[in-house]
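The values are calculated or read from the model by the stated rules, or taken from the named source; none is laboratory data. Given the structure is predicted, the values throughout are model-derived calculations rather than measurements. Because the Cβ atoms are built from the backbone with ideal geometry, glycine has one as well, and the counts that use them run over all protein chains shown. Areas reflect the complete protein model, heavy atoms only, side chains present, ligands, DNA and RNA absent. Shrake-Rupley method; radii C 1.70, N 1.55, O 1.52, S 1.80 Å.
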Amino acid sequence: GLSPEYQLLPHQKFGFSWLAGHAGVGKDSSDHGMLADDMGLGKTLQVLSLLSLLKEEGRLGPSLIVAPLSLLANWGAEADRFFPGCFSKRVELGARRRLRATDHEKFDLVLASYETVRSQQLELGRIRWQVMVCDESHRFKNPTAQTTHAIYAMDAACRLALTGTPIQNSLRDLW
C-alpha cells in the first residue's frame, strides 16, 4: 500500500520485517514488541507499513495509536502522505471527541493521546483492538501511574511500543 513514489530504506525494511514478526505475520510472531531507535528514522512509517499489510490481507481490525498529543497530527499526515486513501477511516479522540464501544468498527485507526486513553479508559477498554501502538512509550514507564494502568487495561491482540529514547536513566527504563 506504500505510495509508489516512496520506498522503505534498508533499516526501515528490517524494522518492518521485525514488527511483522511481532504482529503475527512472520513465523516467529509473539503478539508484542518494542521498536527502539533514534528519532527521525521512520518508526511511524514502519508501523503504517505493517498496518497497511494487515489491511491488504484482510486482517486489520480497529487499531489504536496512542501518542503524545503533539504527535497525533503527524500520524494522520504520514498516513495520508505515504498510504493515500488506505487509512481514510480514522478518528482522533480528545476531550470533545469520544468513541463509543459500538462505533469502533467504523474506523481503521483510532488516534488518542495518553491523557485521552487515561480519561476514556472504560470506553476504550471495552473494545478488542487488533493492534495497539504506543508511540513515545517512555511516557508510561512509571508502573504506578494511572496512565500506565490505563494502557495495560486495553484489550489488544498485538501491542507495539515505539520509542526514540528507550533508556534515559537506567536499565529499569526498559521495564
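Numbers for the structure displayed
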| read-out | value |
| --- | --- |
| Residues satisfying the stated conditions in the stretch 95-114, i.e. outside any loop (DSSP other than H, G, I, E, B) and surrounded by 16 or more Cβ atoms within 10 Å (Cβ to Cβ) | His104, Leu109, Val110, Leu111, Ala112, Ser113, Tyr114 |
| The stretch 4-19, residues that are touching a helix residue (DSSP H, G or I) at 6+ places or on another chain (Cβ under 7 Å) and either within 14 Å of Leu50 (Cα to Cα) or open to solvent by 100 Å² or more (accessible area, probe 1.4 Å) (or both) | Leu8, Gln12, Gly15, Phe16, Leu19 |
| Subset of the stretch 119-158 [open to solvent by 60 Å² or more (accessible area, probe 1.4 Å), within 12 Å of the chain's Cα centre (by Cα) and modelled with pLDDT under 90] | none |
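Table: residues versus (1) in contact with a helix residue (DSSP H, G or I) (Cβ under 7 Å, 6 or more places away or on another chain); (2) open to solvent by 50 Å² or more (accessible area, probe 1.4 Å); (3) among the charged types (D, E, K, R); (4) on the phi > 0 side of the Ramachandran plot.
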site: Leu50; (1), (2), (3), (4): yes, no, no, no
site: Glu57; (1), (2), (3), (4): no, yes, yes, no
site: Pro62; (1), (2), (3), (4): yes, no, no, no
site: Ala67; (1), (2), (3), (4): yes, no, no, no
site: Ala77; (1), (2), (3), (4): no, yes, no, no
site: Asp80; (1), (2), (3), (4): no, yes, yes, no
site: Gly85; (1), (2), (3), (4): no, yes, no, yes
site: Ser88; (1), (2), (3), (4): no, yes, no, no
